[in-house]
Amino acid sequence: AYRSRFVLPEYLVLIDRASFDDQQARFVDELINRFTGDGVFMDRYYFKRDPRVCQPEKPEKPQIALKELITRHPSHRLLIFTDAEGFIDPLTGKLHEWIDHLLHWSDAGIFIPERTDGIHYLERILAKSGFHVEPVSIAGLSRHIERIQFDAASARYDWSLATPYPYLFEDKKDVWLQ
């Protein structure tokens, strides 16, 4: 007998960390710690500008290549916290070709610090290539997760089978909904 089984999603978190004293990375760590404290399963790795080589959460463990992360965590949801400047080739102004590896995960989200200068070039180019781009904040993370959940629910529901209101309730839809 087959039936649906609900499973908590698992997340792969990649954090851009310039140094051990990086305040932005510490903020993201605190944010992630709150989620893991509530029972959300998250695998955390750090990188410096380029996520092709990541450092596990425990510094004594060896570095790991992005391609190996794909094989270790194929069904995880990807969350990347970065300023994304290392994702752009400075000579061409385009995304590096290795960015396609990050699109292996269908629900990839990139969280970028909010800019005060009004320049949103990075956000636009990342969104065009298939990423969900949000600011680094609890609200941004919540919007991303809601988008994933809505997309999953929409995919499961067959809208073609939805029936319209019965003709008796057509004029009073509010009564039908109550």
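Under the condition of being charged (D, E, K, R) and either open to solvent by 50 Å² or more (accessible area, probe 1.4 Å) or in a loop (DSSP other than H, G, I, E, B) (or both), which residue from the range 119-134 is nearest to residue 77 (Cα to Cα)?
128
Does the range 23-30 contain any residue that is touching a helix residue (DSSP H, G or I) at 6+ places or on another chain (Cβ under 9 Å) and not in a loop (DSSP other than H, G, I, E, B)?
No, that holds for no residue.
For the range 36-65, which positions are in contact with a Cys (Cβ under 7 Å, 6 or more places away or on another chain) and not aromatic (Phe, Trp, Tyr)?
63, 64
Tell me, which residue of the range 62-89 that is under 15 Å from the mean Cα position of the chain (by Cα) and among the hydroxyl-bearing types (Ser, Thr, Tyr) is modelled with the lowest pLDDT?
Only one residue tops the list, namely 75.
Filtering the range 86-107 down to residues that are touching a Lys or Arg at 6+ places or on another chain (Cβ under 8 Å) and of a type outside the set (D, E, K, R), which residue is most open to solvent (accessible area, probe 1.4 Å)?
101
The values are calculated or read from the model by the stated rules, or taken from the named source; none is laboratory data. These numbers were taken from a predicted model, which means no experiment stands behind them. No Cβ is skipped: glycine too gets one built from the backbone with ideal geometry, and neighbour counts run over all protein chains shown. Keep in mind that these areas ignore ligands, DNA and RNA; they rest on the heavy atoms of the full protein, side chains included. Shrake-Rupley method; radii C 1.70, N 1.55, O 1.52, S 1.80 Å.
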